[in-house]
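> Okay, handing you the structure first.
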Amino acid sequence: MRTPFLSLFMTSPFEGLQEHAELVKACAHLFEKAMAQHVTGRGEAFEDLRRQTDRLESQADAVKRRVRGHIPKGTLMPVDKFQLFRYLREQDQVLDSVEEALNWLSYRIDPGIPEQLGDDFLELANAVVELIEALSQLVDGARRYFKSFSNQQRDQVKKMIHDLHHLEHGADKIEDRIKRKALNLKTDPVTIFHMVRLAETIGAIADHAENAGDMMRAMLAR
């Protein structure tokens, strides 16, 4: 049985990853509310939700810096330090893409999302939030595995990674549907461009979540 080297840490680096993942998840739920508010005009003001997301993103950046700066050189770890950092980078880019999507949407509040695309964008927002929630569960599962090195826990984490890929594929299909509809709208070119780019930016949230899952798989394989 492998020695649980994380017991040598006063605090596991995976605790920081989990804290960062929870902030990413909190931002995802604000994103979902902001999209719903933008489409339906109900609930908290879009700009208030966007500012709340910005504040949480700053907190997540502080956690990211702490994780990167608190692993002393030469410390024994059950994973490659650079794989850990690449994982953190992808998880952080999930949050960056959430922020970018809200910023891009804010550049053209009026006329906003055309009625024909409203439900599709809400579906895409729900899909990426589901992905981010799954990512948070993945970090928690990995944290448990690297404490115990239980084969059963490892299998659970691998299943979570498989499920993450399945969810990302579903989000991709919604993104493609939106772009196809947008490019066939009888409206001005600026609106079409704005909607296609918005779909791609939201889709990037799912892509980075899937990439994070791939990096976790690499850490498990060590």
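Please treat every number below as a calculation from the coordinates, not as lab data. The shown structure was predicted, so the numbers you read here are calculated from the model rather than taken from an experiment. Cβ coordinates were reconstructed from backbone atoms using ideal geometry, including for glycine residues, and neighbour counts include every protein chain displayed.
> Using each residue's phi in the range 166-180, evaluate 6.51 cos²θ - 1.76 cosθ + 1.60 at θ = phi - 60° and report the 3J(HN,Hα) Karplus result to the nearest Hz, with x for Gly and Pro.
Running phi through 6.51 cos²θ - 1.76 cosθ + 1.60 with θ = phi - 60° gives 5, 5, 5, 4, x, 5, 4, 5, 5, 4, 4, 4, 4, 5, 5 Hz.
> If you keep only loop residues by DSSP, which chymotrypsin sites (Phe, Trp or Tyr not before Pro) in the range 112-162 have at most 16 other Cβ atoms within 10 Å of their Cβ?
For chymotrypsin sites (Phe, Trp or Tyr not before Pro) across the range 112-162 that sit outside H, G, I, E and B with at most 16 neighbouring Cβ atoms in 10 Å, the list reads Phe149.
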